[in-house]
Amino acid sequence: MKEKSLSRANITKAFVVIMVSLLLSMTCIPAFAQPTSAQRKKRYNKNFSIEWIAKRGDYVEAVVNVNEKTFHMIAKRYGDTWKVTNINGVEQHSSYCTITTIPRPPYPWWIWMGNVPAIRLYLDASTAMNTDTALAVIGLLAGIIGGIYGGPYGLIAAAVAGLMYISYDTLYKDHHPDGSWSLWVPVDWYNAFVYSYFHGLYMATCRYWWYFFAVPWNIGSHEYWS
């Protein structure tokens, strides 16, 4: 009887270990996605910089350089939302960044969080379809959010600007039917911890959740937002 009990205990223990390993895989598997040297060179040989011309409480003007292309940009604040209103002298109307609330992110089961704050980026179709323009807008808006809120917001906003620069082409494939594009990034202690110590980041596009580690990994669909 004692041997049978020990056998059952061992089976139960093994089952628990397997289940925990599977649950961890959502976070840990991306660690095996190290890019090749050719891929790394292709992604990191791009040029990106921001020069701030004016920064006030409700107005920002900057020159953003992406891939040797220059964008003179103006953004204005409307309540809690920052909108890009002018790019190279052309009036803009829709692209914006704001702080919102989202349902539970797809964290491991023992990290329970619901209705967490998040950064939301929205690019209109004409902006989203042009990669260099989209990266310039993302960099500007992320820089604004990081400068205003600081702390985990600043950390994650800076991460978004850098990671989008590497992976935008992949993430844009999940866009709205009209060609516009949205990104939600949870701003909480767990996502900040993951980025600070593992250089990973959880984020969501229109239909999917992603985990970014060297490359973006699709980790499942969601039905949170239209």
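The values are calculated or read from the model by the stated rules, or taken from the named source; none is laboratory data. Everything quoted here is computed from the prediction, not taken from an experiment. A quick note on method: Cβ atoms are made from the backbone with ideal geometry, for glycine too, and the neighbour counts reach across all protein chains shown.
Only one of VAL116, VAL60 is of a type in the set (Val, Ile, Thr), more than 18 Å from the chain's Cα centre (by Cα) and buried (at least 17 other Cβ atoms within 10 Å of the Cβ); which?
Result of the check over VAL116, VAL60: VAL60.
Would you mind finding the one in SER167, SER180, SER126, SER196 that is farther than 26 Å from ASN88 by Cα and hydroxyl-bearing (Ser, Thr, Tyr)?
Sole residue among the options that is farther than 26 Å from ASN88 by Cα and hydroxyl-bearing (Ser, Thr, Tyr): SER196.
For the range 89-106, filtered to residues that are of a type outside the set (A, V, I, L, M) and touching a Phe, Trp or Tyr at 6+ places or on another chain (Cβ under 6 Å), the residue that is surrounded by the fewest Cβ atoms within 10 Å (Cβ to Cβ) is PRO103.
On the basis of being within 22 Å of LYS83 (Cβ to Cβ), over 12 Å from the mean Cα position of the chain (by Cα), surrounded by 17 or more Cβ atoms within 10 Å (Cβ to Cβ) and among the small types (Gly, Ala, Ser), does ALA134 make the cut? The answer is yes for ALA134. Taken over the range 156-215, the criterion of being part of a loop (DSSP other than H, G, I, E, B) and small (Gly, Ala, Ser) is satisfied by GLY179, SER180, GLY200, ALA214. Inspect all residues belonging to the range 77-85 and state whether any of them is under 30 Å from VAL215 (Cβ atoms) and modelled with pLDDT of 95 or more. Within the range 77-85, one or more residues are under 30 Å from VAL215 (Cβ atoms) and modelled with pLDDT of 95 or more. Of all the residues in the range 124-141, those that are touching a Cys at 6+ places or on another chain (Cβ under 9 Å) and more than 19 Å from ALA157 (Cα to Cα) number 0. Can you find, within the range 195-226, the residue that is farthest from LEU163 (Cα to Cα) among those that are surrounded by fewer than 21 Cβ atoms within 10 Å (Cβ to Cβ) and aliphatic (A, V, I, L, M)? The residue in question is ILE219.
Got a sec? Which strands (runs of 3 or more DSSP E) wholly within the range 52-145 have at least 2 residues that are in the same structural domain as ILE166 (by TED's automatic domain parsing) and without any contact (Cβ under 8 Å) to a residue 40 or more places away in the chain?
Fully inside the range 52-145 and qualifying: 59-66, 69-78, 81-87, 96-102.
Among the residues of the range 146-155, the ones that are surrounded by fewer than 16 Cβ atoms within 10 Å (Cβ to Cβ) and assigned to a helix (DSSP H, G or I) come to 2 in all.
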